[in-house]
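The values are calculated or read from the model by the stated rules, or taken from the named source; none is laboratory data. Since we're looking at a predicted model, the values are computed, not measured. Neighbour counts run over all protein chains shown; Cβ positions are idealised from the backbone, glycine included.
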Amino acid sequence: MIDSEAAFRRAKGLGKLIASVCVTFLGLLAVTFFIGRVIPIDPVLAAVGDRASQDAYEQAKEEMGLNKPMVEQFAIYVVKVLNGDFGNSILTSNPVSADIKRVFPATFELATIALMFGVLFGVPAGVYAAVHRGGIGDHAVRVVGLIGYSVPVFWLGLMGLLIFYAKLNVVAGPGRLDVLFEGMVPSVTGVVLIDSLLAGQFDVFRDAFSHIILPSAVLGYFSMAYISRMTRSFMIEQLQQEYITTARVKGLSKRAVIWRHALRNALVPLITVVALSYGSLLEGSVLTEMVFSWPGLGFYITNSLLNGDMNAVLGGTIVVGCVFIALNLLSDILYKRFDPRAR
């Protein structure tokens, strides 16, 4: 009886989770559909050109289904998106889904390394600031975080290029690879660092790493500022709990109390912070990609928007929204995994 009730509760919880994801995804499609209709760019005119005749304009409008009722247009739009059809790009004449498949690995590579940078430096900095609350180290961490929130990313990127590329010449310049290494490595995963290692092309790996280290550090700095601030907040809350006092009374070392007990409990809400930070990096790398000419999703969406290619813009927006939905779902699952109270 107890097992059947537990199974029913799990099935009910799973059903609510699936329903929530479906409603969120439908809302995302509704928002992108609405944006595509109210933005002052005529998709028909962008497709046929401003010199097309009225007959050609009307024919293209009918082929694109824009002469049908709005509800029917939305239904067609939903069916196409579910089938992975975002239409064709005006700039490249390729299916938008194929373009996104080509450019997304670059953004994924950049955002992943930036997140590693943010977690690697942000979590220890936040822990140190919480342990030395009110001290010089705490103020230093908070100032560094404040600068990370305040300084525009494009300015920091330009200064990084000026100092480390133009003046010191310790990193490579804009782009993902030097022209010499373009096309030398077959694309298996789309991530150049991994593909170059799989192919045994260590020269390509070094060149790719030299290109990505500066933009990922710039992007990761903002992630570090957010993660360190949240880690500090969570750790201060945990260090004030009674179980910490009990652990100290039992004679546990300061290191064990901080890293094995306080941080372990702080990791539960920190998981959500890291997941959302990762989603923000995937979405917010637009300016970084523009400054460093990084051929990723942000660069693709921005370039498409400037040229009125709304199919590409909306397709990229949907992909970013799906990433956020997936990361939120993953954080909920991990939250319940690490915190038995949430199950």
Original post:
Of the conditions (1) modelled with pLDDT under 90; (2) within 30 Å of LEU276 (Cβ to Cβ), ARG232 fails just one. Which one is it?
Top reply: (1)
Original post:
(1) more than 20 Å from VAL131 (Cβ to Cβ); (2) surrounded by fewer than 22 Cβ atoms within 10 Å (Cβ to Cβ); (3) at pLDDT 85 or above: which one isn't true of ARG255, the others all being true?
Top reply: (1)
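Residues to consider are TYR221, TYR243; find the one that is in a helix (DSSP H, G or I) and at pLDDT below 90.
Values: TYR221 fails: at pLDDT below 90.
Within the list TYR221, TYR243, the selection yields TYR243.
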Original post:
From the set of residues in the stretch 176-212 that are loosely packed, with under 15 Cβ neighbours inside 10 Å and within 23 Å of the chain's Cα centre (by Cα), which is nearest to MET116 (Cα to Cα)?
Top reply: THR189
**OP:** Of the numbered conditions (1) in contact with a His (Cβ under 9 Å, 6 or more places away or on another chain); (2) at pLDDT 90 or above; (3) not acidic (Asp, Glu), GLY175 fails exactly one; give the number of that condition.
**Re:** (2)
Original post:
If you go through the stretch 154-172 one residue at a time, how many are of a type in the set (A, V, I, L, M) and surrounded by fewer than 18 Cβ atoms within 10 Å (Cβ to Cβ)?
Top reply: 7
Original post:
Can you tell me which residue in the stretch 283-309 is farthest from ILE41 (Cα to Cα), limited to those that are aliphatic (A, V, I, L, M) and surrounded by fewer than 24 Cβ atoms within 10 Å (Cβ to Cβ)?
Top reply: VAL291
**OP:** Would you check if GLY148 is among the small types (Gly, Ala, Ser), under 17 Å from ALA217 (Cβ atoms) and touching a residue at least 12 places away in the same chain (Cβ under 8 Å)?
**Re:** yes
Subject >> Only one of SER293, SER277 that is outside any helix (DSSP H, G or I), of a type in the set (Gly, Ala, Ser) and at pLDDT 85 or above >> reply: SER293
Subject >> Selected residue (only one of TYR165, TYR128 is in a helix (DSSP H, G or I), in the same structural domain as LEU276 (by TED's automatic domain parsing), touching a helix residue (DSSP H, G or I) at 6+ places or on another chain (Cβ under 9 Å) and under 30 Å from ILE100 (Cβ atoms)) >> reply: TYR165
